[in-house]
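First up is the structure itself, then whatever we jot down about it.
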Amino acid sequence: MRIAIVDESAARASIIQEGLATLPECELFVLTERRGLVARIGEIAPDIVLMDLGNPSRDVLEEYFAVSRVLDRPIAMFVDESDNESIAASVEAGVSSYVVDGLAANRIKPILDLAVMRFNAFARLQRDLADAKGKLAERETIDKAKRILMDSRGLPEPKAYAEMRSAAMNQGKRIADIAEAIITAHRLMGGH
Amino acid sequence: MPHELTIGFLPLVDACLPILAHEHGFAEEEGVSLRLVRDVSWATVLDRLLYGHSDAAHMVAPLAIATTLGRGRPAQPLSVPFVLGLNGNAITLRPEYARRLRPEGTMGDAAQAGAALRTIADERLAAGDPLRFGVVHRYSSHNYMLRYWLAACGIRPDKDVEIVTVAPPFCADALAAGEVDGICVGEPWNSVAVEQGAGEIVLATAQIWRRGVEKVLALRERVLDEKMDAVRPLIRALCRAGRNFVDPQNWEVNAGILARPQYLDGSSELIRRAIADRLLLARDGALVHYPDFMFQYREAANFPWVSQAEWLYTQMVRWDHTPFDVEEARRAARVFRPDVYRSALIGSGEPLPGASSKVEGSIRDRTVVGTQQGAMVMEANRFFDGMVFDPHHLEKYLKSLP
């Protein structure tokens, strides 16, 4: 079976590709360029096109699938926010209309499931990365605020941190928010 | 506890009403809280609606009908209780062609520009490289307006010229790269092409049909029934947003809101021009005022006339080359729900038309029309070729088209 993976994120496409590579008798093609996409798909003549539900080229591809004589009945699968329920809904809602004659739904399901799993794994990775970046930035903010308290009030480090923590608890805020407020106040008072 | 609705939209100026209803607090005041989800293709907006990621969607009107009829996918009945606006699109051509179609510094005349385009189309066809137009979706008003104009001017779509799909944000690029010779798209994307020097505006779609239906608010029929208590306040909020939108005092602020990254993520200057019906037709030209380029609120513009759905159905039959089917026509007509619009606005003081259907294209001068509530005057709503669409005679109308 020939599977085309259309994704503008090359990293995500390769993660999906890696996951699908374990499937027997599958030939994979990764397309990351928007330009010339329709022509490329025409050359590949895939049995299945896997793409993100939010891919910007979808209207163009649907038009192509609808009028194309070369590619008679390709399959488009959409990978996004995918729990089983939404896959079921998507199949009901029309993804099945792209199914090539004789290609049963039970052959598509595992491919879709696998792609979705990889997609979600990638999304998680991105989220973790963003979280980690956010935490690092917070760490720096807190350290800076701590130094301000230490310098301006002559507090030792553990005491400065404890003050911020108790302020956060009393006000129902995060320590990072308190630290941010201290830095802003310090700047307004002419500090650097 | 207010009702909550998620609404999908594309970054276009005519997504303005849900955005403004949310940002100005009209929705909250009416008792419904909105969550807006932006996408970049109509296919995605539609999928989210069908999979239940969204409750309602900003949608090209023909797509709501095509989905209900099951064109290209299994049928899923959609309902349209509110029209999000009329017209607001333009036809933009590569500069060298645009200059052959109209005098510099003004919009063209639809018939004259069409005649000039026919010459160009013939030249290109003879050279074995037919003219190519980009529209935003096969089931879009843009596609149907462009085709209506071409056909009426003796240019046969799909035979004399090619028409392909290009997503709105990529229209200017496609024009610049020579992938297409012309585009029919909503604002701000014509203006983006003009600013880049890739194209010049030739016609507004309002010149093809003075009061053409454009985007609609679409919901799954089932969801509309289930969430009627949230949809009615939403309609009232959208109506208030429309009143706010047409008031010149609010243009600056509204353009700024629409330009935000989470909405159109574009130039508030270009958006303000579209709101004010002012357009730069060519990069080095002056701003041109074309009244009612985009039509909102007045004359109950947001009322879902059943005759509009029926007109769209005739165009679908015409360009999909499918046989006219009475049962299909009935289902298409049923997509537009004036009953829901009325039930939401009764007692609000907003004018409610007495009829649900009208003969499209028949009004030549200001006409007072019968209402159930409020007073209403309608202005000219003509098709440029003078044809009249009588919803009682769909088949006869189809036969009379070129």
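Just so you know, all these numbers are worked out from the coordinates, no wet-lab data involved. Please read all numbers here as calculations on a predicted model, not as lab measurements. Because the Cβ atoms are built from the backbone with ideal geometry, glycine has one as well, and the counts that use them run over all protein chains shown.
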For segment B:89-207, convex hull of alpha carbons as volume per residue, Å³ | 88 Å³
Diffing segment A:47-63: the Karplus 3J(HN,Hα) column from phi (6.51, -1.76, 1.60, θ = phi - 60°), in whole Hz with x for Gly and Pro, holds 7, 9, 10, 9, 8, 5, 3, x, 4, x, 8, 5, 4, 5, 5, 5, 4
If amide H atoms are built 1.01 Å from N in the plane of the peptide, which residues on other chains or at least 5 residues away come under 5 Å of the amide H of B:Met378?
-> B:Thr367, B:Val368, B:Val369
How big is the Cα convex hull of chain B in projection, averaged over all directions, in nm²?
-> 18.1 nm²
Taking a ≥ b ≥ c as the square roots of the eigenvalues of the Cα gyration tensor, with a/c under 1.5 meaning rounded and otherwise prolate when a/b exceeds b/c and oblate if not, segment B:308-371 is oblate
Compactness summary of segment B:223-361: radius of gyration and Dmax from Cα atoms, Å, are 18.5, 53
Chain B: angle of helix B:42-51 to the longest principal axis, Cα-based, in degrees nearest 10 = 30 degrees
Calculate, for A:Glu18 and B:Thr106, the FRET efficiency according to 1/(1 + (r/R0)^6) with r their C-beta to C-beta distance and R0 60 Å; round to the nearest 0.05.
-> 0.55
What order do you get for B:His24, B:His142 when you list them from fewest to most C-beta neighbours inside 10 Å?
-> B:His24, B:His142
Exposure-ranked with fewest Cβ neighbours within 10 Å first, A:Ser166, A:Ser14 stand as A:Ser166, A:Ser14
Using the reciprocal of the averaged 1/r over all distinct C-alpha pairs, how large is the Kirkwood radius of the protein assembly as shown in Å?
-> 26.1 Å
With label points set 7 Å from each Cα along the Cα-to-Cβ direction at A:Lys133 and B:Arg364, the distance between them in nm comes to 6.4 nm
Ratio to report: Rg/Rh of segment A:1-52, with Cα atoms as the point set and Rh obtained by the Kirkwood method; give two decimals.
-> 0.94
Using the Karplus equation 6.51 cos²θ - 1.76 cosθ + 1.60 (θ = phi - 60°), what ³J(HN,Hα) coupling, rounded to whole Hz, does each residue of segment B:316-330 give in order, writing x for Gly and Pro?
-> 5, 4, 4, 9, 7, 6, 10, x, 5, 9, 4, 5, 4, 4, 5
Show which lysines lie in cross-link reach of A:Lys173 when reach means a straight Cα distance below 26 angstrom and same-chain residues fewer than eight apart are skipped.
-> A:Lys133, A:Lys135, A:Lys144, A:Lys146, A:Lys159
With -39,500 (n - 2.57) per DSSP H segment of 4 or more residues and division by the full residue count of chain B, the 222 nm estimate, nearest 500 deg cm²/dmol, is -11500 deg cm²/dmol
Residue among B:Leu219, B:Leu50, B:Leu234 with the largest mean-square fluctuation in a Gaussian network model of chain B, springs linking Cα atoms under 10 Å = B:Leu50
Pick from B:Leu78, B:Leu49, B:Leu217: which is most flexible by mean-square fluctuation in a GNM of chain B where alpha carbon atoms under 10 Å apart are linked?
-> B:Leu49
Between the Cα axis of helix B:228-246 and the main Cα principal axis of chain B, the angle (0 to 90°, nearest 10) is 50 degrees
Would you mind counting up the charge near B:Ala274? Only other residues with Cβ under 14 Å from its Cβ, with Lys and Arg at +1 and Asp and Glu at -1.
-> -4
Within the set of other residues whose C-beta is less than 13 Å from the C-beta of B:Asp247, count the net charge using Lys and Arg as +1 and Asp and Glu as -1.
-> +2
Counting only other chains, what is the mean number of Cβ atoms within 10 angstrom of the Cβ of each residue in peptide B:132-140?
-> 2
What is the average number of partner chain Cβ atoms found within 10 Å of a Cβ in A:45-56?
-> 3
For B:Ile163, residues with placed amide H under 5 Å, excluding near neighbours = B:Phe133, B:Asp158
Roughly how many whole Å is it from the C-alpha centroid of segment B:204-278 to that of segment A:149-192?
-> 45 Å
Over all directions, average the projected area of the Cα convex hull of segment A:131-188 and note it in nm².
-> 4.0 nm²
Under the Karplus relation 6.51 cos²θ - 1.76 cosθ + 1.60, θ = phi - 60°, what is the ordered set of whole-Hz ³J(HN,Hα) values for segment A:175-180, x standing for Gly and Pro?
-> 4, 4, 5, 4, 4, 4
Note: segment B:123-172 at 10 °C, 1.306 mPa s; Kirkwood Rh on alpha carbon pairs; Stokes-Einstein D in µm²/s works out to 140 µm²/s
With each label point set 7 Å from Cα along the Cα-Cβ vector, what nm distance links A:Arg124 and B:His321?
-> 5.0 nm
In a shell of Cβ-Cβ distance under 14 Å around B:Ala152, excluding B:Ala152 itself, what net charge do Lys and Arg (+1) and Asp and Glu (-1) give?
-> +2
Report, as a whole number in µm² per second, the diffusion coefficient that Stokes-Einstein gives for segment B:195-252 at 25 °C and 0.890 mPa s using the Kirkwood radius over alpha carbon pairs.
-> 162 µm²/s
Neighbour-count ranking [beta-carbon atoms within 10 angstrom, fewest first] of B:His289, A:His186 = B:His289, A:His186
